[in-house]
Amino acid sequence: MKILAIEASSEQGSVALRVDDAILSRRIDGAANHSRTVLSDVSDLLAEAGLSVTALDAVAFGAGPGAFTGLRLACGVAQGLALGGDIGVAVIGSLDAIALQAKAQRVFVATDARMGEVYYAAFEGADANSLQVVAEARCTAPESLELPPGQWLATGSGFRVWADVLHTRFQHQLSGCRDDLVARADEVAMLGERIARAGQLVAPERAAPLYVRDKVAFTTAERLARGGKA
């Protein structure tokens, strides 16, 4: 199966092409570079594999949660490519992609959401390849975050940005920490293949980002209420 994937939910974007079990990928550092290079990187990957868009089985994208601009970019590019190739789209949670990358049976993902909040979700399975969501993606203040009972591998930038808060609160529930992990197109492509094989692709016009939070900035009143400055 041939899956093209785009992930731009954080500063470290990427594109990947999965052909059967082989992966070709390109990293895009810096959010400002995502829109400038994503299409050329996609073209390079397809050329390297000797494929056209019409030869693909699906286009997958990291739907978030994450940076709104990056999510819209990834979704728009995926929609355009899928329309051109007359193929479906696999909508993949970016936190799911981080969990798969962690290669553990119980993974708690928390990424920095800015504005004093984190995005989070929990995943559990018999092995890394059978992870299922046990706590859906949400957004909250680090002080309000709650881990499900038991031991968890902590992953994601939230555990780096909010290390003092989260490690202090959950030190007895964390079996380890991988705060360096970010969503990658490699895992988005792998998850996209599963979606394609399960017959769960969506039409390009139905693909949409997973924002979780519906605002990008607090009002002055909200900042003051949270102890900030006007």
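Assorted remarks:
- Using a Förster distance of 22 Å, the FRET efficiency for residue 43-residue 206 (Cβ separation, nearest 0.05): 0.30
- Charge sum, other residues only, whose C-beta stays under 11 Å from residue 1's C-beta, Lys/Arg counted +1 and Asp/Glu -1: 0
- Note that the chain presents 46 Å² accessible area per residue, ligands and nucleic acids not counted, probe 1.4 Å.
- Calculated mean residue ellipticity, 222 nm, the chain: -10000 deg cm²/dmol, from DSSP H runs (n ≥ 4) at -39500 (n - 2.57) each, averaged per residue and rounded to 500.
- Order by protection proxy (mean Cβ within 10 Å, highest first), peptides 48-56, 173-181: 173-181, 48-56
- Mean Kyte hydropathy of 0.5 or more with a Cα span along the axis of at least 20 Å, helices from DSSP in the chain: 68-85
- For segment 34-93, the Cα-based Rg and Dmax, in that order, read 11.5, 33 Å.
- Amide H contacts under 5 Å for residue 134, placed H, 5+ residues apart: 122, 123, 124
- Radius of gyration and maximum dimension Dmax of the chain, Cα, Å: 17.8, 56
- Surface composition of segment 1-132: carbon plus sulfur atoms contribute 48% of the solvent-accessible area (1.4 Å probe, protein chains only, all chains present).
- Between residue 22 and residue 140, the contour length at 0.36 nm per residue exceeds the alpha carbon distance by 38.7 nm.
- Here the accessible area of segment 135-184 is 48 percent carbon and sulfur, with a 1.4 angstrom probe and all protein chains present.
- Protection proxy ranking for 130-139, 82-91, 36-45, using the average of other Cβ atoms within 10 Å per residue and placing the highest first: 82-91, 36-45, 130-139.
- Taking segment 1-75 and dividing mean pair separation by its residue count, relative contact order in percent (alpha carbons under 8 Å, at least six apart): 39
The values are calculated or read from the model by the stated rules, or taken from the named source; none is laboratory data. Since this is a predicted model, take the numbers as computed values, not measurements. Note that each Cβ is placed from the backbone with ideal geometry, even for glycine, and that neighbours are counted across all protein chains shown. With ligands, DNA and RNA removed, areas are computed over all heavy atoms of the protein, side chains included. Shrake-Rupley method; radii C 1.70, N 1.55, O 1.52, S 1.80 Å.
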